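What follows is calculated from the coordinates using simple rules that are stated; it is not laboratory data. Given the structure is predicted, the values throughout are model-derived calculations rather than measurements. Note that we place each Cβ from the backbone using ideal geometry, even for glycine, and neighbour counts take in every protein chain shown.
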Amino acid sequence: MYISIIVNCYNSEKFLKECLNSILSQSYKKFELIIWDNYSSDSTKEIINLFNDERIKIFNSEKNYGLGKARELAVKKAKNNWVAFLDSDDVWESSKLQKQVSYLQENKEKSLIYTDFKYIDEKSNKIDKNSYTEFYNNNFFEKLLKKNFICFSSIIFDKKKIMTKNIFDPILRNAEDLDLLLNLSRNNTFGYLKEKLTYYRVHKNNLTKFQTKRSFAEWQYLVFKYCKNKKKIKNYIKKKYIFEKFKKKLNIF
């Protein structure tokens, strides 16, 4: 089983080397590594060029795209049906791919597998904070629609099972990962490893930290996109909106 691993970079010099080292040190070796440089202006290119491995394929964007578009372009370069993403500031445990592949080989009906994760800080120190990862045997799609509990850097998925022309909805800029997960979860089953095999880095430049308002608007778009019962879901959005305003007013995050 071969996997296409995709790393999208944009001015990623601070954490990229650690990210790429965590991929190339995987105990599972059957993969290609697609690095998509999204028109960086720092030393990202120089760091990429430090790595000499025949499995690495480097693509340089002619301009800066949104993350969803950049991911879409990178996926189109993938040779394999099974695809994994690792954000350029995140890191994997060395056994991550091997454990996921072993699970998929034993559970061939699964179209995606994800893992639990740990938070790390800018210096790669572990943060004492519980992850938001969960797994549900029932109503998985409905649960995911209300809350994204999957760390995107932990997934491996079968791109053949995507039911739309584009893997990532071009309208979205923040919630394109949730859109992919919802697309797959409607008609497919997911697997989960309750092991912290992925490290999610918390730092001052995290995309969603500064774009809460847009993220909430895109979540509303996805709710309407995927829900048939519009009246019921409108009431849910209204309650959620009131709750978000209340949190902001009291500075609860």
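Please give the FRET efficiency for C227 paired with N52, using the beta carbon to beta carbon distance and R0 = 45 Å, rounded to the nearest 0.05. It would help to have the intermediate numbers written out before the result.
Working: r = 49 Å, r/R0 = 1.09.
Calculated transfer efficiency: 0.40.
Just one of (i) 1.05; (ii) 1.01; (iii) 0.95 is Rg/Rh (Cα atoms, Kirkwood Rh) calculated from these coordinates, so which is it?
Entry (iii).
Wrap a convex hull around the Cα atoms of segment 1-112, take a quarter of its surface area, and give that in square nanometres.
6.7 nm²
How large is ³J(HN,Hα), in whole Hz, for each residue of segment 133-138 in order, when computed from phi with the Karplus curve 6.51 cos²θ - 1.76 cosθ + 1.60 and θ = phi - 60°, using x for Gly and Pro?
5, 9, 9, 10, 7, 10
Once phi is turned into ³J(HN,Hα) by the Karplus curve 6.51 cos²θ - 1.76 cosθ + 1.60 with θ = phi - 60°, what whole-Hz value does each residue of segment 14-30 show in order, with x for glycine and proline?
5, 10, 5, 4, 5, 4, 5, 4, 5, 7, 5, 9, 5, 5, 8, 9, 8
On a straight-distance basis, which aspartates and glutamates could pair with K110 in a cross-link, Cα separation under 12 angstrom, same-chain partners fewer than 8 positions away excluded?
D158
My understanding is that a pair violates if its Cα-Cα distance is over 28 Å; which of K79/K118; K147/K196; K99/K143; K165/K196; K17/K196 do that in this structure?
Details: K79/K118 30 Å; K147/K196 20 Å; K99/K143 25 Å; K165/K196 33 Å; K17/K196 21 Å.
Exceeds cut-off: K79/K118; K165/K196.
Modelled label-to-label distance, R186 and I171, 7 Å Cα→beta-carbon offset: nm?
1.3 nm
Rounded to whole Hz and in sequence order, give me ³J(HN,Hα) for segment 45-53 from the Karplus expression 6.51 cos²θ - 1.76 cosθ + 1.60, θ = phi - 60°, writing x for Gly and Pro.
So the Karplus estimates, Gly and Pro as x, are 4, 5, 5, 4, 5, 6, 9, 10, 8 Hz.
Long-range amide H contacts for D42: which residues qualify at under 5 Å (H placed 1.01 Å from N, peptide plane, sequence gap of 5 or more or a different chain)?
So D42 has HN proximity to N11.
Give the shape of segment 67-196 as rounded, prolate or oblate, defined through the alpha-carbon gyration tensor: a ≥ b ≥ c are the square roots of its eigenvalues, a/c under 1.5 means rounded, and otherwise the shape is prolate if a/b is larger than b/c and oblate if not. Write out the running numbers ahead of the final one.
Details: a/c = 1.32, a/b = 1.19, b/c = 1.11.
In terms of gyration-tensor shape, rounded.
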